[in-house]
Amino acid sequence: MEKAITVKELHVSYHGNEAVRDVSFSIEQGSMVGIIGPNGAGKSTLIKALLGLLPKDKGSVRFFGKDPEDMRKKIAYVPQRSNIDWTFPITVMDTVLIGTYPSLGLFKFPRKKEKALALECLRKVGLEDYRDRQIGELSGGQQQRVFLARALVQQPELLLLDEPFVGIDVASEETIVNILKELQQDGKTIVVVHHDLSKAKDYFDQLLLLNKELVKYGDVEAVLNQEVMSKAYANQLRFLQEAEVAL
Ligand code: ADP
Ligand code: MG
C-alpha cells in the first residue's frame, strides 16, 4: 500500500532562517501520528510546507504516492486556533460550507447536497443547534469543533490538525478525539501537532519528535524515552518531566 505521506529531505526557511532542516519520514495509511517538539521547533511550518502553504527550499512531498496538487481535495487541514481571525463575521454553517468548496468547482455554490452534508458534520461535533451563530460568539472548544466539521465535510483521506486541543474544554477534546479515532477505524490517516505529552500514549500510534530536524520518529514509548527527549527539550525541563509521567 502507498504511504499516506512521504517526505524526503525537506528544508523550509523564512527569509534565510532555517525553520525545518533535512526532514525525511513516511506515514502509513490508517495511522494516527502525533508531531511533538518544543515551541518554535518548526511543527506548524512542517505542516504548512507539506500542504504547499509555504514554499520549500528543497525536498519532496507525496500524498498517497501522488503529487500533493492532485490530492488536495482529499486532504483536510485544521490550522492552529490562535492564527485564525475569530472576529471575521461568518456563521457557523457558512464556515463549515467552506469545506465543500474544493470539490464544488469554479462558480458553483453549495446546494442542498452540500448543506445536508454540512449539517450532518455539525451534528457529529454536537453543534447542529449553533448553525446560525456567528463563529466569534462560540467558546474555544466549540470553535475547534466547527473547524473539525469543516474538515469532515471534505470527506478527507488525510487530516492534519495543528494543536487542536489548546485552549479548549475537556468535553470538546473528548468529542474531537472520539471522532478522530472513528475516522482512523475507517482507514483514514490522522496527523496531529500536539503539546500535552500525558495523553500521547492514549491518542497516538507513533510520535514524530521535531526540533528543526527530525530527532526521533517511532512508537510512543521509544520517542518519550528520556534520552531522546532531553536532546530536543534540553532547556525545557517541564517537558522532560511530563514525558517521564506520560511513560
Ligand atoms: P512551532 O509550530 O513548532 O511552535 P513554528 O513552525 O511556528 O514552530 O516556527 C518555527 C520557527 O520559524 C520559529 O523560530 C519561528 O519564530 C519561525 N517562524 C514561524 N513563522 C514565521 C514567519 N511567518 N516569519 C518568520 N519566521 C517565522
Ligand atoms: Mg505551531
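Quick note: the coordinates plus some simple rules give every number you see, no bench work behind them. Predicted model, so just to flag it, every value in this text is computed and none were measured. Counting neighbours? That spans all protein chains shown, and the Cβs are built from the backbone with ideal geometry, glycine included.
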What is the spin-label model distance, in nm, from Arg111 to Ile84 if the labels are put 7 Å beyond Cα along the C-beta direction? 2.8
Where labels lie 7 Å past Cα in the beta-carbon direction, separation of Asp94 and Asp205 in nm: 3.9
Using DSSP, restrict attention to beta bridges with both residues in the chain and report what percent are antiparallel, rounded to the nearest 5. 55
For a 18 Å ceiling on Cα separation, which of these pairs sit above it: Lys181/Lys201; Lys8/Lys212; Lys58/Lys231; Lys3/Lys58; Lys56/Lys231? Lys58/Lys231; Lys3/Lys58; Lys56/Lys231
Computed label-point distance, nm, for sites Asp219 and Ser139 using a 7 Å Cα→Cβ extension: 3.8
Relative to the first principal axis of the alpha-carbon coordinates of the chain, what is the inclination of helix 112-124, with its axis defined by its Cα atoms, in degrees from 0 to 90 and to the nearest 10? 50
Modelled FRET efficiency - R0 22 Å, Ser24 with Gln155, Cβ distances, 0.05 increments: 0.15
